[in-house]
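Accompanying notes for the structure given below.
The values are calculated or read from the model by the stated rules, or taken from the named source; none is laboratory data. Quick caveat, the model's predicted, so the values are computed rather than measured. Please note: Cβ atoms are built from the backbone with ideal geometry, for glycine as well, and neighbour counts cover all protein chains shown.
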């Protein structure tokens, strides 16, 4: 019997004996360890060419502002018109930061969110957590447009009408694997050399990191890491074509 035959037989026996009953209680922890290992290997293979505060013994949410400031200065994102996308607007803090920093009248800002909280459970957060109403944002900048609903319902109709032409800054802050992989896969055909992707929970191994890993490997995306903060939770990469 060949090695391939043994593998096939083992898979068949796994299904026959319903070994999922034994494995399932430990699967979450095992998968988390596997993808943390994958992220550790990824970090070594992709050195940061810019701002990086690794390693930090404590957490500070405001470190993401330092990352914004660093990539804004290094890439000149406040000096010319851009198209800013944000997936997961929530209370709008980062959206407002970029609105204030880039005053070019030709810039466009697009915000996507359910505005009803998470559409599914994410770690310790239940479905519906982190809800914030669209009306509570109090954003009246005419350059800003918001799209309420699941990305799976709002992004495709938007992209059917979207005309590019400007450098894109895409902020992926949806937390969930499902939302992140969907957004990246739909945006693929619009990505150009120099466009920037930012992540807000990149170091969550089974969600934003895994979505980015699958996307870049499946679509053969070339990129460089241009900034990281809070031990890689906040990350910025630049597309290379």
Going by the structure shown, is residue 116 without any contact (Cβ under 8 Å) to a residue 24 or more places away in the chain, within 27 Å of residue 81 (Cα to Cα) and either crowded, with 20+ Cβ neighbours inside 10 Å or out of contact with any strand residue (DSSP E or B) (no Cβ under 8 Å at 6 or more places or on another chain) (or both)? no
Here the residues within the stretch 165-194 that are at negative phi, surrounded by fewer than 13 Cβ atoms within 10 Å (Cβ to Cβ) and in contact (Cβ under 8 Å) with a residue 12 or more places away in the chain are 188, 192, 193
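Does any residue of the stretch 164-184 turn out to be more than 14 Å from the chain's Cα centre (by Cα) and at pLDDT below 95? If you could, list the steps in order and put the result at the bottom.
Here is the first cut: in the stretch 164-184, the residues more than 14 Å from the chain's Cα centre (by Cα) are 164-168.
Narrowing the set further to residues that are at pLDDT below 95 leaves 164-165.
So far as the stretch 164-184 goes, yes, one or more of its residues are more than 14 Å from the chain's Cα centre (by Cα) and at pLDDT below 95.
Out of all the residues in the stretch 222-237, is one or more farther than 22 Å from residue 68 by Cβ and in contact with a strand residue (DSSP E or B) (Cβ under 8 Å, 6 or more places away or on another chain)? Explain how you work it out, then say what you get.
In the first step, residues of the stretch 222-237 are kept if they are farther than 22 Å from residue 68 by Cβ; the result is 222.
Retained after the next criterion (residues that are in contact with a strand residue (DSSP E or B) (Cβ under 8 Å, 6 or more places away or on another chain)): 222.
Scanning the stretch 222-237 turns up at least one residue that is farther than 22 Å from residue 68 by Cβ and in contact with a strand residue (DSSP E or B) (Cβ under 8 Å, 6 or more places away or on another chain).
Taking only the stretch 76-103 into account, find how many residues are loosely packed, with under 15 Cβ neighbours inside 10 Å, on the phi < 0 side of the Ramachandran plot and part of a loop (DSSP other than H, G, I, E, B). Show your work before the answer.
Quick first cut of the stretch 76-103, residues loosely packed, with under 15 Cβ neighbours inside 10 Å only: 76, 79-81, 91, 93, 100-101, 103.
Filter again for on the phi < 0 side of the Ramachandran plot, leaving 79-81, 91, 93, 100-101, 103.
Add one more test, that the residue is part of a loop (DSSP other than H, G, I, E, B), and what stays is 79-81, 91, 103.
Selection size over the stretch 76-103: 5.
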Going through (1) within 29 Å of residue 31 (Cβ to Cβ); (2) in contact with a strand residue (DSSP E or B) (Cβ under 8 Å, 6 or more places away or on another chain); (3) not in a helix (DSSP H, G or I) one by one, residue 67 fails only at (3)
With the requirement that a residue be surrounded by fewer than 17 Cβ atoms within 10 Å (Cβ to Cβ) and not in a strand (DSSP E or B), what does the stretch 218-240 give you? 218, 219, 220
